[in-house]
Amino acid sequence: MKLIEALKQIKDLSRKADDLKEKMAQNSAYLDFETPKYTDQKKQVSEWIQAHSDILKEILRLRIAIQKTNLAVDVVIELGGKQITKTIAEWIHRRRDLAKAEATIWHKLTDKGLKEGKFKESTGEERIIKIVRCYDQSVKDERIELFTSEPSIIDGRLEIVNAVTDLIE
């Protein structure tokens, strides 16, 4: 089974589990004067509970297999002209929030709204004021672009990886 198949199967199993919960909510009790919807409604509810439990076990098995695969499989992605190798799990974390966190720190590099210009000292002497930036603007721009585009690059590469990678069980 491929990774993508396992992910889709989990989604389908979750939907089935939700359907069973709804059936149980609708049919877990009835008044003694009502006609039950099922011949042996108590048995039916019990079977739904067991089916739900079996579905959750399968979801767990698939999730663990996905985690094992994500931790074991290395993926090479080109970022900023460099080939970078990380596990699928590492790329997922980069995609989820770490690339954005890196972009955020580079956005924090500013000149704080400071103004350059001429300033008269109390002595009447004119002084030219210049801003001293503790960073390279071109590096800042490059890094912001790199870290901002990283999630979509990761998405594209992982879509392919998920389609071709066998699940490790």
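Candidates in segment 102-136 are the residues that are surrounded by fewer than 11 Cβ atoms within 10 Å (Cβ to Cβ) and under 30 Å from the mean Cα position of the chain (by Cα); of these, the one that is modelled with the highest pLDDT is K108. Determine which single condition H107 fails, assuming it passes every other condition in (1) under 30 Å from V132 (Cβ atoms); (2) touching an Asp or Glu at 6+ places or on another chain (Cβ under 8 Å). Of everything listed in (1) under 30 Å from V132 (Cβ atoms); (2) touching an Asp or Glu at 6+ places or on another chain (Cβ under 8 Å), H107 misses just condition (2). Screening segment 1-119 for helices (runs of 4 or more DSSP H) wholly inside it with 3 or more residues that are farther than 28 Å from L167 by Cα and free of Cβ contacts under 8 Å to residues at least 60 places away in the same chain returns the ranges 3-27, 41-72, 99-107.
The values are calculated or read from the model by the stated rules, or taken from the named source; none is laboratory data. Remember, it's a predicted structure, so these values are computed and weren't measured experimentally. Here the Cβ is made from the backbone with ideal geometry for all residues, glycine too, and neighbour counts use every protein chain on show.
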